[in-house]
Structure formats: C-alpha cells, structure tokens
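Presented below is the structure to which this report refers.
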Amino acid sequence: MLSLQKLIPQGKGLARVLLQRAATIELDWDVRQKSRFAATDSQGRSLAVFLPRGQAVRGGDVLIAEDGSMVRVIAAPQKVLHITACATHGTPFDLMRAAYHLGNRHVPIELQPDHLKIEPDHVLADMLRSMHLTVVASELPFEPEGGAYGGHVTNDGHGHHGHGHAHGHEHSHDHGHVHGPGCNHAH
C-alpha cells in the first residue's frame, strides 16, 4: 500500500504535462472531507492517505506519494440537491436568502453565482421549495464551502468549526405572490 502524506492545493505550481500524466482518484465529498482514508487510483495501486487532521481534499488537488508519484483528485459525481431561483419570478436574492437559512442550520453547501448545492435532505428540500426555489435531485460533483473557523481546513489554510448539536428555527414563508406557468415547485 502506497502512503500519501502531502497535498498540493489544485496542483499549484505543477506543470500541466505532469498533472496530465498523474494517476487519478475519483472521490465523493464523504471521503474527501476526511484526512485519513484508503483508495485505489487509476493505475490500480492501493493508497493510504494520511493528511493533517481536519484537512479536506478538493477536486483538483494533487496528493504526493512517498515514492514521489502524484495522484490527482477528481470530485466524483454524487447525489445532491441542485437549487436555483424560480425561472418565472425568482431573483439572485432568493439564492442568497436560501444560503443564509442553510448556513443557519450548519448545512454543508456549495455556493455558485447561479445555484446552490447541498446533500439530499427532504426536509430542507421542502423548506427551499416553500421559499419559491427550484430544487432538483441530481448527480454532480460536490465542493461545499470550507467555512471560516477551523476544523475542516481548506486549500487556502482556512477551515470550519464543527458543532455536534442541532437546533431548529421557525420562519414565515408567506411572500404574497402568485406563481405563473413554468414555476416548477410545489407549496
């Protein structure tokens, strides 16, 4: 088993030709958020990854093996909820409001200018639909934000703190508007 203990964020500083020649591993977020895991690369080698505790691995990162070989990480498609503003009457502000409510629940979330992604959760999906957002179950790579307080260390050295608690929040969702045709969410 080949041991890998060094990570180069996004392969920064490595020549493209080296990255193209590197073996790859395709991992979902469940595995990439761990600092210690086993995997098999595209060359069939068994790998043991041992990174500093709390360090997450991102798609595009390069792991360096004890023999000097490189393994490029690919974010594997996985089940996610793809969230967008309603095409009929939604606005980018709707996504900002959804990100606020999801963050308030400490939900891992991928933020993009035109959409959000979270791991599947029917309760959250219902909440988001009640906020007039379009929620579609998809199979896509998932790269949630790293956070700001330590714990899950991201490629820029920043991280997120973990909480081991849950808390509920009550919110009103009556926005007093009517939905037109093509608005694909239920209430």
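Structural remarks
- Note, ³J(HN,Hα) from phi for region 123-130, Karplus 6.51, -1.76, 1.60, rounded to Hz, x at Gly and Pro: 5, 5, 4, 5, 4, 5, 5, 5
- For peptides 84-91, 29-36, sequence by mean Cβ density within 10 Å, most packed first: 29-36, 84-91
- For Glu145, the amide hydrogen comes within under 5 Å of the amide hydrogens of Ile109, Glu110, Leu111, counting only partners 5 or more places away or on other chains and with H modelled in the peptide plane.
- Full extension of the segment from Ile64 to Arg16, taken as 0.36 nm per residue of separation minus the current Cα-Cα distance, would add 15.7 nm.
- Cα gyration tensor shape for region 1-94, rounded if a/c is under 1.5, else prolate or oblate: prolate
- Karplus (6.51, -1.76, 1.60) ³J(HN,Hα), θ = phi - 60°, over region 106-116, in Hz, Gly and Pro reported as x: 6, 8, x, 9, 9, 9, 10, x, 10, 6, 10
- Under 5 Å, built H, 5+ apart or other chain: amide partners of Thr24: Ser42, Gln43, Arg72
- Here the Karplus relation 6.51 cos²θ - 1.76 cosθ + 1.60, evaluated at θ = phi - 60°, turns the backbone of region 12-27 into coupling constants of 3, x, 8, 5, 4, 4, 5, 5, 5, 7, 5, 5, 10, 9, 9, 10 Hz, with x for every Gly and Pro.
None of the figures in this text is laboratory data; all of them are computed from the coordinates on show. Please read these numbers as outputs of a predicted model, since none were measured by experiment. Cβ atoms come from the backbone with ideal geometry, glycine included; neighbour counts cover every protein chain shown.
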